[in-house]
Amino acid sequence: MTRGRGWRWLGRGLSHDASDPVDQTDDTDPTAKARARMVRDQLEHRGIRDPEVLNAMRRVPRHRFVDSAWAYDDRALPLSHGQTISQPFVVALMTQMARPTGGWHGARVLEIGTGSGYQAAVLAELGASVVSVERDPTLSASARKHLDEAGYETVLTEVGDGTIGWPPGAPYDAILVTAAGPSIPAPLREQLQPDGGRMVIPVGDREGQWLTVVERHDDTWSEERMEPVVFVPLIGEHGYEERRD
């Protein structure tokens with residue numbers, strides 16, 4: 001859906017203790033230690049507390065979704081066609097904020113902006129039924145391949161304008177939008193579950209936004225600005241127009 005994703009965070013530096021139990025892990029999966037350290041240093045260290053989110057991110061093989069030696073580092077990484085994959089903390093933060101009132105297992109979730117497929121894999125690992133919409137067909141096909149190879153065949157990937165959502169799967173218990181809109185798209189509001197559906201979306205101008213949580217209760221929607229962020233623009237009918245330089 002997006003032409004790239006980015007996030008800005010100001011906080012404490014990370015520390016590393018070579019005697020930490022994480023470093024003593026003897027696991028047949030050589031990436032398990034890297035995932036454990038990622039969760040400890042990048043997620044728990046910065047306040048991610050949801051145990052289901054932490055466990056999911058320990059299990060999902062992030063290196064399957066990006067061709068980089070730095071798959072588990074604290075950074076956004078490039079994909080093809082000028083795209084990027086968000087740093088792990090951003091994925092965890094948005095997932096924690098979007099937690100459905102009834103929990104993740106069996107929840108209907110819509111993701112706008114498939115990207116590499118990693119965020120969708122985390123949601124599927126949590127037990128959600130996931131639909132992910134991407135505007136770039138080449139990127140969508142690549143994500144589909146990554147998801148299948150990593151064992152997340154149940155994720156439904158679609159190509160289209162994410163600002164109009166995916167009505168056939170509505171209503172959704174949670175919607176995650178990985179690009180920034182000038183406002184909250186009306187179709188996405190309407191596709192939230194009326195009984196406590198929750199959406200996490202960056203809202204603002206092209207230079208900076210606020211990560212915003214939207215909750216629906218019947219015909220009433222509440223909004224709460226949570227964190228200052230910088231994401232690429234949400235392109236589409238109910239977002240920004242695509243720039244053609």
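Divided by 2.2 N^0.38 Å, where N counts the residues, the Cα radius of gyration of segment 32-155 comes to 0.98.
With a cut-off of 15 Å between beta carbons, the residues surrounding His146 carry a summed charge of -4, where Lys and Arg count +1 and Asp and Glu -1. So what's the Cα pair-distance distribution over segment 85-176, bin width 10 Å, in %? Histogram of Cα-Cα distances, whole percents per bin: 19, 54, 27, 1. Using a probe radius of 1.4 angstrom, the carbon and sulfur fraction of the accessible surface of the chain is 49%. Remark: spin-label model distance Thr31-Asp67 equals 1.5 nm, labels positioned 7 Å along the Cα→Cβ axis. Computed over the alpha-carbon atoms, segment 140-180 gives an Rg to Rh ratio of 0.98, Rh here being the Kirkwood radius from the mean inverse distance.
Across segment 122-216, the convex hull enclosing all Cα atoms gives 104 Å³ per residue. Computed from the alpha carbon positions, the gyration tensor of segment 169-245 leads to an equivalent ellipsoid with semi-axes of 23, 14, 9 Å, biggest first. Surface analysis of segment 29-160 yields an accessible area of 37 Å² per residue, using protein heavy atoms and a 1.4 Å probe.
Averaging the Cα positions of each part gives two centres, and for segment 177-245 and segment 142-172 these lie 19 Å apart.
Packing-based ranking of 179-185, 43-49 yields 179-185, 43-49, ordered from highest to lowest mean Cβ neighbour count within 10 Å. Simple rule: put +1 on each Lys or Arg Cβ and -1 on each Asp or Glu Cβ in the chain, find the dipole, and look at Ile164, Leu123, Gln87; the Cα lying farthest toward the positive end is Gln87. Note on segment 109-245: with charges restricted to the Cβ of Lys and Arg (+1) and Asp and Glu (-1), its dipole about the Cα centre is near 200 debye.
The values are calculated or read from the model by the stated rules, or taken from the named source; none is laboratory data. The structure presented is a predicted model; accordingly, all values stated were derived computationally and were not measured. Methodologically, a virtual Cβ is constructed for each residue, glycine included, from the backbone with ideal geometry; neighbour enumeration extends over all protein chains shown. For the accessible areas, the whole protein counts, side chains as well, though only heavy atoms, and no ligand, DNA or RNA atoms are used. Shrake-Rupley method; radii C 1.70, N 1.55, O 1.52, S 1.80 Å.
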